[in-house]
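A short write-up of the structure that comes next.
The values are calculated or read from the model by the stated rules, or taken from the named source; none is laboratory data. What you see is a predicted model, and the numbers here were worked out from it, not measured in a lab. Cβ sites come from the backbone with ideal geometry, for glycine too, and all protein chains shown count toward neighbours. Calculation scope for accessible area: heavy atoms of the full protein, side chains included, ligands and nucleic acids excluded. Shrake-Rupley method; radii C 1.70, N 1.55, O 1.52, S 1.80 Å.
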Amino acid sequence: MLQVVVVALLALVVGVLLKGVLAGSSTVSAQLRDGKRPPAPNFTLDTLDGGTFAISSTRGKPVVLNFWASWCGPCKDEAPVLAELAHRYGSKLDIVGVNSQDDIGDARSFAQRYGLDFTVVHDTGPVYRKWGLGGLPETFVIAPDGKVVKHFPGQVTGSDLEQALQPYVGGP
């Protein structure tokens, strides 16, 4: 009887681990690592100013999707780069900041302090997990056709983003 219980528990543990591995391989980050260009999963989140935003509304334009938090040191260094990019390219591209793992009041203060006048939404976790993030900041580039074409784990530079965006926006 004890052997049956041990085997059943072992099967349960293996099943849970396998489910986690399979779920992880379906994230956007994992698909990009596998050389794929997955479609950007749609999400709708509340904006910091009280509205709602759906990533599907950006179809037809290139998008910089940046995940950040107010307590994240590299996010503080990266914020002015994103603000400058938004001003330089204007309507040629959409920048969407996804505040994650953070207090919404701290996020609002951060966005104001760094002049983030592009769309900023607040995620309580599901979008972070679906995109397969391992930390903050992380940035993705989405082509106008809605396919995710680039992933920058960690802090991104302006020159890295400009290079990734070049096929879609040309010059400022």
Open item on the list: List the lysines whose Cα sits under 23 Å from the Cα of residue 36, skipping any in the same chain fewer than 8 residues away.
Closed with: 19, 61, 130, 147, 150
Task: segment 53-164, accessible surface, carbon-and-sulfur percent (1.4 angstrom probe) - done: 48
Task: Karplus-derived HN-Hα couplings along segment 66-76 (A = 6.51, B = -1.76, C = 1.60, θ = phi - 60°), whole Hz, x at Gly and Pro - done: 10, 9, 8, 9, 5, 8, 8, x, x, 5, 5
- [ ] Work through the residues other than residue 105 whose Cβ is under 14 Å from its Cβ and net out their charges, Lys, Arg +1 and Asp, Glu -1.
- [x] -3
Task: 10 Å beta-carbon shell around residue 123, net charge (K/R +1, D/E -1) - done: 0
TODO: Could you tell me which of rounded, prolate or oblate describes segment 40-113, using a ≥ b ≥ c as the square roots of the eigenvalues of the alpha-carbon gyration tensor, with rounded for a/c under 1.5 and, failing that, prolate when a/b is larger than b/c and oblate otherwise?
DONE: oblate
Task: Amide H within-cut-off set for residue 68, under 5 Å, with H built and near neighbours excluded - done: 98, 99, 100
Open item on the list: Which residues among segment 99-117 fall inside the zone where the amide N is under 16 Å from a point 7 Å beyond the Cα of residue 124, along Cα→Cβ?
Closed with: 99-105
